[in-house]
Amino acid sequence: MSDGYRILSLDEVETASHDGSTLIPVRHTLGFRPAGVNAWTADDGGQLIPPHTEDSGNEELYAVVRGRARFTVGEEEADAPAGTLVFVPPEVFRTAVAAEDGTIVFAVGGTVGEAFNAGGWDSFALADTYRQEGRFDEGRAIMEQLIAEKPDYWPTSYNAGCFEAQAGYPDAAFEHLRRAKELDAEGRSAEYFRGDGDLDPIRDDPRFQELLG
Amino acid sequence: MSLAHIDDLDRIEMPDGFVWRPVRKHFGIRAFGTNAYTPGASGQIVEEHTEGTLGHEELYLVVRGRVRFTVDGNEHELGPGQLVHVSDPSLRRAGVALTDDAAVLAVGGKPGAPHEVSAWEYTFFAGPHIRAGRYDEARRLLQEGLQEKPGSAPIVYDLACVEALAGEGEKALELLNEAVATDERFRKYAQTDEDFASIRDDPRFPQADV
């Protein structure tokens, strides 16, 4: 095999937990750049697609690769056997539940008129899963890679702070969170500092007041 | 709900033997490029090609059946839930279905650039109508493409083919010269394109040795 391509089996990718679903982090694993690509898997009755809406302009396509899914889009429900494609326009609620064991749904997303710019939520989901399993070094390596790729993107530093807070490393957590606050020119991080449960382990630390100020 | 099974999408038979299932157009997706393919008479499911011209990075997902992919000369037999990610646009890739029920979903685009609908979507749509002599329908589809991509050389070239085949020599020559002026590669293609038999001897036909 040459460097310019790669073969991947969805069954072989290490999964991550995200919002009550099991994510197969395809984009993170492959480094695919033109669009967001990921997959979700669940057994019968399990949540496949976390309930959510996407921002303005963000289109998503779901493809049932294996098994059967029950989609809810807006207020409509539909049965979706393997080979079914479901398109969801921006700002419309969507979720899906597996109707057979081993169901896999592949998802593609992007924003109309904009180059795809990976926010890294999927990578963070994998890092956080590693943290929950006690694999701190592997999780930290992912966060460091994300920061190296987009050093000026405040949400990545913020997530790295959450990771370290949850992992029990307050010094590292405050370093990342201070950096996030510096980078966040619009002050959007403030509401997260106030209400994010991930930061509870360090909330009583005197240094936390600096972040709220 | 905007939902469709791959088998229920339009079935566009291509000369290379594969069947194009136009996913992006069916759903009106604008954010990214995506299409599906099923095997045609020859068993081909992904046409042999590179993405050198468009610079696209591509991902092929086997949704059903078995497919033998050849990428950069290497063969890989893949089943449902397996992917081929071709990050290097210059690599030649193709797929042959090993089972009649095979289906492949493709996602692609140019990294770092907003998605643009490719001209080939319109020429692929018009192709079966051109081959069947339904020139009015072919014209309509290609004109629709020019609304989306004004001046696109591949679309203008195919429109020239339509006019030549329809006996509209003057229009064909005008369009063919427009395509060549936009993209010199079409000068070479025109030399051996049988669609232009009716206008090839006209002095205004683009000459090979320019």
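Subtracting the Cα-Cα distance of residue A:186 and residue A:11 from their residue separation scaled by 0.36 nm leaves 58.9 nm. Distance from the Cα centroid of region A:1-48 to that of region A:94-161 is 10 Å (rounded to whole angstrom). Under Stokes-Einstein, with the Kirkwood radius over Cα pairs as Rh, the value for region B:6-109 at 37 °C and 0.692 mPa s is 243 µm²/s.
With 24 Å as the limit, the listed pairs B:25/B:188; A:150/A:181; B:110/B:149; B:110/B:171 have B:25/B:188; B:110/B:171 beyond it between alpha carbons. Calculate the tail of P(r) for the protein assembly as shown: the fraction of all Cα-Cα distances greater than 38 Å, expressed in %. Considering the protein assembly as shown, 31 percent of its Cα-Cα pairs are separated by more than 38 Å.
Applying 1/(1 + (r/R0)^6) with R0 = 25 Å to the Cβ-Cβ distance of residue A:79 and residue B:30 gives a FRET efficiency near 0.35.
Taking θ as phi - 60° and the Karplus parameters 6.51, -1.76 and 1.60, the scalar couplings of region A:18-32 work out to 8, 6, x, 10, 10, 8, 9, x, 5, 4, 4, 5, 8, x, 5 Hz in sequence order, x denoting glycine and proline.
Packing, taken as the mean count of other beta carbons within 10 Å per residue, orders the peptides A:15-26, A:96-107, B:194-205 from highest to lowest as A:96-107, A:15-26, B:194-205. Rounded, prolate or oblate: pick one for region B:107-189, where a ≥ b ≥ c are the square roots of the eigenvalues of its C-alpha gyration tensor, a/c under 1.5 means rounded, and failing that, prolate if a/b is larger than b/c, else oblate. Cα axes put region B:107-189 in the oblate bin.
Let me make sure I get this right: for region A:135-212, a, b and c are the square roots of the gyration tensor eigenvalues over alpha carbons, sorted descending. Under 1.5 in a/c it's rounded, otherwise prolate if a/b > b/c, else oblate. Which is it? The shape class here is oblate.
Hey, how much of the P(r) for chain A falls beyond 24 Å, as a percent of Cα pairs? That fraction is 48 percent. According to the calculation over all Cα-Cα pairs in chain B, the P(r) per 10 Å bin from zero is 8, 31, 34, 21, 6, 0 %. Using the Karplus equation 6.51 cos²θ - 1.76 cosθ + 1.60 (θ = phi - 60°), what ³J(HN,Hα) coupling, rounded to whole Hz, does each residue of region A:133-146 give in order, writing x for Gly and Pro? So the Karplus estimates, Gly and Pro as x, are 8, x, 9, 4, 5, 5, x, 5, 4, 5, 5, 5, 5, 4 Hz. Taking the Cα centre of the protein assembly as shown as origin and assigning +1 to Lys and Arg Cβ atoms and -1 to Asp and Glu Cβ atoms, the resulting dipole is close to 400 debye. Look at the dipole of the protein assembly as shown built from charges on Cβ: of B:164, A:62, A:40, the Cα furthest out on the positive end belongs to B:164. Counting only Cβ charges, +1 for Lys and Arg and -1 for Asp and Glu, the dipole size of region B:84-210 around its Cα centre is about 320 debye.
Anisotropy class assigned to region B:145-210 is oblate, per the alpha carbon gyration tensor with a/c at or over the 1.5 cut-off and a/b no larger than b/c. Distance between the pseudo-spin-label points of residue B:192 and residue B:41 (7 Å out from Cα toward the beta carbon): 2.2 nm. Of the GluC sites (Glu not before Pro) found in region A:1-66, the ones in coil according to DSSP and having at most 16 other Cβ atoms within 10 Å of their Cβ are A:14.
Taking 0.36 nm per residue of sequence separation and removing the Cα-Cα distance, the residue A:114/residue A:175 pair yields an extension gain of 18.8 nm. Taken as Cα centroids, region B:97-121 and region B:132-210 sit 26 Å apart, rounded to the nearest whole angstrom. Taking Cα centre as origin and charging only the Cβ of basic (Lys, Arg, +1) and acidic (Asp, Glu, -1) residues, the dipole magnitude of chain A rounds to 320 debye. In chain A, a dipole from Cβ-located charges (positive for Lys and Arg, negative for Asp and Glu) runs towards its positive end, and of A:192, A:161, A:92 it is A:161 whose Cα lies farthest in that direction. Using the Cβ-Cβ distance between residue A:132 and residue A:209 with R0 set to 22 Å, the FRET efficiency from 1/(1 + (r/R0)^6) comes to roughly 0.20. Our coupling estimate for region A:3-8, obtained by passing each phi through the Karplus curve with A = 6.51, B = -1.76, C = 1.60 and θ = phi - 60°, is 6, x, 7, 8, 9, 9 Hz, Gly and Pro reported as x.
In this simple spin-label model, placing a label point 7 Å from the Cα along the Cα-to-Cβ direction at both residue B:146 and residue B:117 gives a separation of 1.6 nm.
Each reported figure results from applying straightforward, stated rules to the coordinates on display, with no laboratory input. Predicted model, so just to flag it, every value in this text is computed and none were measured. All Cβ positions, glycine included, derive from the backbone under ideal geometry; neighbour counts span all protein chains shown.
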